[in-house]
Structures are given as C-alpha cells and as structure tokens.
Amino acid sequence: MRRGSRQASWSASEGWVGLAALGLLALLAGCARAPVQQARPTLFFPPPPEKARVQVLGSISSPLDLPHKQSGLVDFILGPEPVRYPIAKPINAILVGTKLYICDTVLNRVLIYDMVSGETGMLQGDRGNGKIQQPNNITTDDQGRIYVADKIRGAVLVYAPDGSFLDAWGRPNEIAPVDMKVGAKYLYVCDIKNHCVEVWDKKDGRLIRRIGKIGTAPGEFYYPTYLALDGAGNLYVTDSLNFRIQKFSAEGEFLETFGELGSTIRLGGSFARPKGIDVD
C-alpha cells in the first residue's frame, strides 16, 4: 500500500507540474499575441449636422502610440522596455517624410518620432553651439535643412537634413523669434519681442529689413506669433493680441487684414486668441 500510495503521490505531483507547465505556456502564448485593438468611432469636426471639414485620424501623446514590434514573451520575462523620449509639452510639430519633429518647451528639445518604424530620438545637433534653449517652432526648406526658432536664445538655429548643426542666426537679447518661414528669396522671422517680422537673407541670416512695428493700424502688430506663405509668396501673420490675420506681399507691402475680437462660435471672422496658421 505504501508503495502504491507513493506511486499515486508521484503521479499526482507530476500531473500538477504538467498542468502548471501547460498553464504557463498558455499564459506566455497569450502574452505573445498582439493586443486586441478596440474599434474607435470616426470623429469629424464640426460634428453633424454641420458639414465636416476635418476628420480626426489619431493622436500621438508618447512613443507608446507609435508602431512597435510585438514582443509579449520578452516583455513577460524581462518587463517592457522603458519609454524613451516622452512628450512633456508639445507646442509645434512638422512631418518630414515619415519623421515627426516635435518642439517641446518643457524638455527644451526637438523630439523625432518615426511614424513607420516607431524609432524615437531627438535632433542630434542639440548640443554645444547647436544647443536649443526653447524651441518654439520648426520648419524646413527645399534642401531639407531644418530651422528651429529659439525664443530664449534669440536665434534661428539651422541644421542639416541629418540633424547636424550648421549655424545660429540672430541677435541674442535683441530679438525673440517664435516662428519662421522660408520663401523664394527670404527667411521671414516672427519677432514677438519687437512686434515685427524680420526679413533675412536665407543664405546667411543677414537682416535685410523689417515689416511692421507695435501698433493697431493696418500693417502694425501687437504680439505677432505665427507665419504662413502661400503659393504666390504672400505672407500671412497671426497678429495675436490685435485679434486678426494680416497679409503682405513677399516684399512686405501690406495687402489686407481680416478678423476682429470676438468669441461667439457662430460669428465667423472673430478671434479670441489666434495662434497657428497655415495655407493649403
């Protein structure tokens, strides 16, 4: 009986071990599978019954929102990899190819998220003389060069397409660039400190002239913040605390203004706090 009991005990132990092993394999297999994606409702703005103008496709709030390889087994054993290059306070972003460049004014760096590979990093020129102090806006030219408006440093920083630092244009303590756009002949720089738009030589950053001054008359500004260029080279300026948009020719000649102070949703053409602008 004792021998039989021992055999029965061994059989029971082996059975429990087998069940535990099967359970662990099932658990690991479950971890290795891709997570089930919940269907999200299609979002439009404005919502019905208004005519939709914008469809919301998604959002990026951290590297976890980027495409990534499924590694459930590795994550289960070693734990998930730490999140690198998170977003703290994004203020502006541009998409160049598959790479999203994000200006972050808390981390004071330009983050780079690859929307296809899921790789993350930051602008490699962000050190030494290329050190960013506060990236307020970013743009590129037709050569692939990258321009960063640094309000605190008082300069526009220029980087090569590979992210290496090229030059710093500006006058520290004299100007506060918050945006810039590259035109056919000029680099237009929005100077919020002096309430004007500076026109620079896009080859070397040399100041050529200024557009506007502080004031409320047509062609004058009170805290200009963002710029846009249309296909004809005309310049649009968000004149934030005059609550309007102003339009100029490529040479800086005033053309027109639109918008006024107001916050009624149904009242078209009124602004409460206009900021970014673009032209399709």
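The values are calculated or read from the model by the stated rules, or taken from the named source; none is laboratory data. Since this is a predicted model, take the numbers as computed values, not measurements. All Cβ positions, glycine included, derive from the backbone under ideal geometry; neighbour counts span all protein chains shown. Please note that ligands, DNA and RNA were not included when accessible areas were found on the heavy atoms of the full protein model with its side chains. Shrake-Rupley method; radii C 1.70, N 1.55, O 1.52, S 1.80 Å.
When Arg273 is tested against (1) basic (Lys, Arg); (2) over 20 Å from Asn92 (Cα atoms); (3) loosely packed, with under 14 Cβ neighbours inside 10 Å, exactly one condition is not met: (2). For the range 235-249, the set of residues classified as in a loop (DSSP other than H, G, I, E, B), open to solvent by 30 Å² or more (accessible area, probe 1.4 Å) and either in contact (Cβ under 8 Å) with a residue 60 or more places away in the chain or at negative phi (or both) is empty.
If you check Val189 against the conditions, is it in contact with a Cys (Cβ under 6 Å, 6 or more places away or on another chain) and within 19 Å of Cys103 (Cβ to Cβ)?
Working: in contact with a Cys (Cβ under 6 Å, 6 or more places away or on another chain): no; within 19 Å of Cys103 (Cβ to Cβ): yes.
No: the conditions fail for Val189.
For the range 186-209, the condition holds for at least one residue, the condition being that it is farther than 29 Å from Leu261 by Cβ and of a type in the set (Asp, Glu). Filtered by the rule that a residue be out of contact with any Lys or Arg (no Cβ under 8 Å at 6 or more places or on another chain), open to solvent by less than 20 Å² (accessible area, probe 1.4 Å) and assigned to a strand (DSSP E or B), the range 105-146 gives Val110, Leu111, Gly121, Asn137, Ile138, Ile146.
Tyr113 - would you say it is more than 30 Å from Gly233 (Cβ to Cβ) and aromatic (Phe, Trp, Tyr)? It would help to see each step written out before you state the result.
Numbers: more than 30 Å from Gly233 (Cβ to Cβ): yes; aromatic (Phe, Trp, Tyr): yes.
Against the criterion (more than 30 Å from Gly233 (Cβ to Cβ) and aromatic (Phe, Trp, Tyr)), Tyr113 qualifies.
With the condition kept exactly as written, say whether any residue in the range 65-81 is out of contact with any strand residue (DSSP E or B) (no Cβ under 6 Å at 6 or more places or on another chain), modelled with pLDDT of 85 or more, of a type in the set (Asp, Glu) and surrounded by 12 or more Cβ atoms within 10 Å (Cβ to Cβ). The answer is yes; a qualifying residue exists.
Ala184 satisfies every condition listed in (1) under 17 Å from the mean Cα position of the chain (by Cα); (2) outside any strand (DSSP E or B) except (1).
So which residues in the range 215-234 are in a loop (DSSP other than H, G, I, E, B) and among the aliphatic types (A, V, I, L, M), if there are any at all? Step through it out loud before you land on a result.
Step one: list which residues in the range 215-234 are in a loop (DSSP other than H, G, I, E, B), which gives 215-220, 222-223, 230-234.
Correct list: Ala217, Ala232.
Can you name every residue in the range 147-174 that is charged (D, E, K, R), in a loop (DSSP other than H, G, I, E, B) and open to solvent by 50 Å² or more (accessible area, probe 1.4 Å)?
Result: Lys151, Asp162, Arg171, Glu174.
A quick yes/no check of all residues on (1) modelled with pLDDT of 65 or more; (2) surrounded by 10 or more Cβ atoms within 10 Å (Cβ to Cβ); (3) in contact with a helix residue (DSSP H, G or I) (Cβ under 8 Å, 6 or more places away or on another chain); (4) not in a helix (DSSP H, G or I):
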residue	(1), (2), (3), (4)
Gly4	no, no, no, no
Trp10	no, yes, no, no
Gly15	no, yes, no, no
Ala20	no, yes, no, no
Pro48	yes, no, no, yes
Ser59	yes, no, yes, yes
Ile87	yes, yes, no, yes
Ile91	yes, yes, no, yes
Cys103	yes, yes, no, yes
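Among the residues of the range 250-264, those that are in contact with a Gly (Cβ under 7 Å, 6 or more places away or on another chain) and not in a strand (DSSP E or B) comprise Ala250, Gly259. Residue under question is Gly183, and the condition is that it be over 25 Å from Ile146 (Cβ atoms), in contact with a strand residue (DSSP E or B) (Cβ under 9 Å, 6 or more places away or on another chain) and open to solvent by less than 60 Å² (accessible area, probe 1.4 Å); does it hold? In short, no.
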